[in-house]
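Shown next, in structure tokens, is the structure this report addresses.
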Amino acid sequence: MDKQFYSGEGRHVLVTGGAGYIGSHTVIELFESGYIPVILDNFSNSSPQVVDRINAVTGASIAYYVADVNDRKATAEVFDRYDFDSIIHFADPTKAEHELGWKATKSLDDMTADTWSWQSQNPAGY
Ligand SMILES: NC(=O)c1ccc[n+]([C@@H]2O[C@H](COP(=O)([O-])OP(=O)(O)OC[C@H]3O[C@@H](n4cnc5c(N)ncnc54)[C@H](O)[C@@H]3O)[C@@H](O)[C@H]2O)c1
């Protein structure tokens, strides 16, 4: 497992698939909101250049681990290293579905429609 370290105090969030389309934007948003994102990605549908771009945008050096999310040994190493506050899972969801029966119940379109509906009905916020 290739790795790059960034030690920092704060709330750590593991982002599997963090170099992907949605994951990379999420990593930037997390960093800019004061969290310490840690990427786990096997680059099967992305590349280390994405991490370079994330670092260029944030001015940070985001920790990333090149590993398959289904690799128990590799993921255990990452979990040994950090005390994660939360995990956002964008990498291959097939194992979660196969072994746990977990499957997304809403599409991005559903979620966007919900958000828009809520905002329209609550223009002043909470
Ligand atoms: N893009 C969309 O509009 C959209 C809409 C709804 C749901 N989703 C879901 O959100 C998730 C992320 O979507 P995306 O568009 O960012 O996809 P993406 O392919 O751009 O990103 C997925 C990332 O996960 C990595 N990855 C894949 N398998 C892996 C594995 N076994 N171990 C480690 N890393 C692995 C890839 O290298 C890639 O960087 C997917 O589950 C997708 O089905 C996406």
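The values are calculated or read from the model by the stated rules, or taken from the named source; none is laboratory data. All of these numbers come straight from a predicted model, not from anything done at the bench. Using ideal geometry, Cβ is built from the backbone for each residue, glycine included, and neighbour counts are taken over all protein chains shown.
Quick notes on this structure:
- Some residue of the stretch 110-121 being under 19 Å from ASN42 (Cβ atoms) and either among the acidic types (Asp, Glu) or not in a loop (DSSP other than H, G, I, E, B) (or both): no
- On inspection, ALA56 qualifies as hydrophobic (A, V, I, L, M, F, W, C), modelled with pLDDT of 90 or more and in a helix (DSSP H, G or I).
- Residues located in the stretch 69-104, provided they are hydroxyl-bearing (Ser, Thr, Tyr) and in contact (Cβ under 8 Å) with a residue 60 or more places away in the chain: TYR82, SER86
- On inspection, ALA63 fails the criterion of being surrounded by 18 or more Cβ atoms within 10 Å (Cβ to Cβ), within 25 Å of LEU100 (Cβ to Cβ) and modelled with pLDDT of 95 or more.
- Considering residues of the stretch 66-114 that are of a type in the set (Ser, Thr, Tyr) and more than 14 Å from the ligand (Cβ to nearest atom) only, the residue surrounded by the fewest Cβ atoms within 10 Å (Cβ to Cβ): SER86
- Complete set of residues in the stretch 19-47 that are surrounded by 14 or more Cβ atoms within 10 Å (Cβ to Cβ), within 12 Å of the ligand (Cβ to nearest atom) and either at negative phi or β-branched (Val, Ile, Thr) (or both): ALA19, GLY20, GLY23, SER24, THR26, VAL27, ILE39, LEU40, ASP41, ASN42, SER46
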